[in-house]
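Heads up: the structure comes next, in structure tokens.
What follows is calculated from the coordinates using simple rules that are stated; it is not laboratory data. Note that the structure is predicted; figures quoted are calculated from it, not measured. Backbone-built Cβ (ideal geometry, glycine too); neighbour counts: all protein chains shown.
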Amino acid sequence: MTPSDKPEAPRRSLPARLARTWGIPLVLGTLIALVWMKYVSPTNGSAEFADVPKPSAVNGDRAYGYLKKICEIGPRMAGTEANTRQRNLVAAHFKSMGGTVHEQKFASRHPLTGKRVDMVNLVGSWFPERTERVVLGAHYDTRPFPDRDPDPANRRKPFIGANDGASGVALLMEIAHHLKESPTPWGVDLVLFDGEELVYESDEGERRGDYFLGSKEFARQYKAESKRGKMRYLAGFVLDMVGGKELTIPVEPMSQKLAGNLVREVWGIADRLNSRAFQQNLGREVLDDHLPLNDARIPTIDIIDFEFPYWHTANDVPEECSGKSLAEVGRVMTAWLNQPRPTKTPKR
Ligand SMILES: [Zn+2]
């Protein structure tokens, strides 16, 4: 537990002082009011209670185990053997959880050498016959170097990407456990995006390479497919840096702008599940995989802890992540998926 989690030192509260003054009449009055609210008032909370979203039995320890397993593979840049090993591991897992799996292959150029880099998005599908679908995605490639490390000596060390990379994938692996039995009315696709950050940055901030290659390819294929068939995505969620120990997820401004209804639904569910990580205020604007999906007319929000102190540093390691954080986001996401009927999604 951190200092901020500790309750404040005991101090006589206002209710306590009132109770001393008013004593029994106040207690009795409160009791009567509570009974009235519960059983009599036409605007009582019972309708709300009946609607409390039901998360699946998300297992934080198991999710954290996946995160560690992924990190044990080592750095997982696009085009590397480690990247393929991770993808195969997740593909086998999705299949064992009842998903059907397919790969979206594409290629790009290495930003430094100009050599061809083969990349692959992995798509695991549940309820493939359903034409109304939702997509939950996370990038699985890692940045080549921790080039934001405060110590210049660390900036050419391996980047493990426990939070920035592994956390989103680990959470998708955990969510996969709960899909087959989920009452969700939608088809669900769990997607691993490749090539999110095959990007090199010099100390002077000069950037080589492009972001979001995998999600751009996913969006391109979806645009082509949705013209041909009836399948369409009603909603999309990008999970990025969702495993940090001190998880803080304010509303990401572009998500608010592009898919405000989804933001309201997800943060509303988080509020009712008493999630402390999801905060109702606006955070920093983030360029991420949600933007290409929105371009393809999939209303998509970014669920991201951009306050993670070890972002793009050599300290982005499993020890700075926690299963509790992964479980917190997992509960909110599965509660959204488990809704008994479709809710409004933005018409675009
Ligand atoms: Zn990153």
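May I ask for the Rg/Rh ratio of region 229-269, computed from Cα atoms with Rh as the Kirkwood radius, given to two decimals? The partial results should precede the final answer.
Numbers: Rg = 12.7 Å, Rh = 12.0 Å.
Ratio of gyration radius to Kirkwood radius: 1.05.
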If packing is taken as the average count of other Cβ atoms within 10 Å, what order do 163-171, 318-326, 199-207 fall into, highest mean first? 163-171, 318-326, 199-207
When the Kirkwood radius is taken over all Cα pairs of region 50-90, what Stokes-Einstein diffusion coefficient follows at 20 °C and 1.002 mPa s, in µm²/s? 175
Please compute the volume of the convex hull spanned by the alpha-carbon atoms of region 103-149 and report it per residue in Å³. 109
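Starting from the Cα coordinates of region 190-317, work out the convex hull volume and express it per residue in Å³. Don't jump to the answer; show the numbers that get you there.
Working: hull volume 16.3 nm³, N = 128.
Output value, Cα hull per residue: 128 Å³.
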Share antiparallel - DSSP beta bridges, region 60-337, percent rounded to 5: 50
Exceeding 27 Å between C-alpha atoms, which entries from my cross-link table qualify? They are K223/K324; K216/K257; K230/K324. K223/K324; K230/K324
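In square nanometres, what is one fourth of the surface area of the convex hull spanned by the alpha carbons of region 69-114? Walk me through the numbers on the way to the answer.
Details: hull surface 15.8 nm².
Over all viewing directions, region 69-114 projects a mean Cα-hull area of 3.9 nm².
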Report Rg/Rh for region 60-337, rounded to two decimals, where Rg is the Cα radius of gyration and Rh the Kirkwood radius. 0.94
List the residues, sorted by chain then number, that are 5 or more residues from A78 or on another chain and whose placed amide H is less than 5 Å from its amide H. T142, G195
